[in-house]
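This report refers to the structure that appears directly beneath it.
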Amino acid sequence: MLGAIETGGTKFVCAIGDEKGNIAERIQIPTTEPGETLAKVIAFFQQHRLDALGIGSFGPVDVNRDSQTYGYITSTPKTAWRNYPLIQTLKEAFPVPIGFNTDVNAAALGEITHGAARGLDSCLYITVGTGIGAGAVLQGKLLQGLSHPEMGHILVRRHPDDHYQGKCPFHHDCLEGLAAGPSIEERWGDKVINLADRREVWDLEGYYLAQALMQYILILSPKRIILGGGVMNQKQVFTSIYTYLEDFLNDYVSLPKISDYIVSPGLGNDAGITGSLILAYQAWEEANQ
Ligand code: ADP
Ligand code: ZN
């Protein structure tokens, strides 16, 4: 029996399931302060006899197993969670193998195993929501170096007509600062949902996301790109991305048909939790080989 947790800034999703991505039971717990949130998470899993646990977490997190602070949430803007020992706390409650990675890495793993990139050995999963983040699988493995990549914070070229200052607390006008949900709302002064019919909003969004995708394609050359997160519910962003990306790339690299290459998640909102089940399975396999 595998347990999975997808931690987010607004909610924790906890599930029981198997490595095929079948979910037998799940709950959602609102993200409040860490002690209270984890108490509820632990109470849920104590009803089950777990063989392993997998966690896909909001971050940044320390995923370096040799580090003293492995399993900590590190420099998050959510101050109550800064330097919080997430894995250590769970390990005390559940002495089972624990797999741990970022939420977007978990989603990439879910999508390549059971979703829109099934059958491929590389993909990139990007979320455009409260923040922007991406996880990559290359040659069948999650991309990790010194730490996990932070592809949402790359710099992009500003649109000459865009004078919005940007919302990233660290870099102001990085990609996340210019194109995540909260920055769209601040720039245009309305809820994203109410901006659905404003063409210029989605044109600009596509302009920034296409630049980011161009850089990811040129550096990583993924075989498929999956775009999830709340903002991507606005399907017109895909059209705008396709147009700008073809313009920016200018046929320099040959890609599959763009609408087959840049797609929505095959697992919908379950990419992260499914990938977390796989992280649990991988941890179990490693402990039992
Ligand atoms: P999170 O990033 O916190 O996990 P989401 O991926 O749902 O959560 O992203 C939340 C952001 O997505 C908010 O900024 C919200 O405005 C935006 N959003 C949510 N639903 C939609 C929608 N249907 N259309 C456009 N934007 C949306
Ligand atoms: Zn930033």
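When 43, 15, 39, 24 are checked against the criterion of being outside any loop (DSSP other than H, G, I, E, B), within 21 Å of the chain's Cα centre (by Cα) and of a type in the set (Gly, Ala, Ser), 15 stands alone in meeting it. Here the condition is being at positive phi and either assigned by TED's automatic domain parsing to the domain that holds residue 13 or not aliphatic (A, V, I, L, M) (or both); of 83, 101, it holds for 83 alone. Against the list (1) of a type outside the set (A, V, I, L, M, F, W, C); (2) within 21 Å of residue 152 (Cβ to Cβ); (3) part of a helix (DSSP H, G or I), the condition residue 56 fails is (3). Checking the stated criteria, residue 66 turns out not to satisfy the condition of being more than 17 Å from residue 11 (Cα to Cα), among the charged types (D, E, K, R) and touching a Phe, Trp or Tyr at 6+ places or on another chain (Cβ under 8 Å).
Can you confirm whether residue 257 is closer than 30 Å to residue 28 by Cβ and either touching a Cys at 6+ places or on another chain (Cβ under 7 Å) or assigned by TED's automatic domain parsing to the domain that holds residue 203 (or both)? No; evaluated as a whole, the condition is false for this residue. Scanning region 192-201 for residues that are more than 15 Å from residue 158 (Cα to Cα) and touching a helix residue (DSSP H, G or I) at 6+ places or on another chain (Cβ under 6 Å) turns up 192, 195. Does residue 26 qualify as being within 26 Å of residue 114 (Cα to Cα), loosely packed, with under 14 Cβ neighbours inside 10 Å, touching a residue at least 12 places away in the same chain (Cβ under 8 Å) and basic (Lys, Arg)? Judged against the criteria, residue 26 is not a match. For region 225-246, taking the residues that are touching a Ser or Thr at 6+ places or on another chain (Cβ under 8 Å) and closer than 30 Å to residue 139 by Cβ, the one that is farthest from ligand 1 (Cβ to nearest atom) is identified as 242. Considering only residues in region 135-163 that are modelled with pLDDT of 95 or more, more than 23 Å from residue 113 (Cα to Cα) and surrounded by fewer than 17 Cβ atoms within 10 Å (Cβ to Cβ), the one that is nearest to the chain's Cα centre (by Cα) turns out to be 155.
Every condition in (1) buried (at least 23 other Cβ atoms within 10 Å of the Cβ); (2) touching a Lys or Arg at 6+ places or on another chain (Cβ under 6 Å) holds for residue 122 except the one numbered (1).
The values are calculated or read from the model by the stated rules, or taken from the named source; none is laboratory data. A quick note: this is a predicted structure, and the numbers were derived from the prediction, not measured. Please note: Cβ atoms are built from the backbone with ideal geometry, for glycine as well, and neighbour counts cover all protein chains shown.
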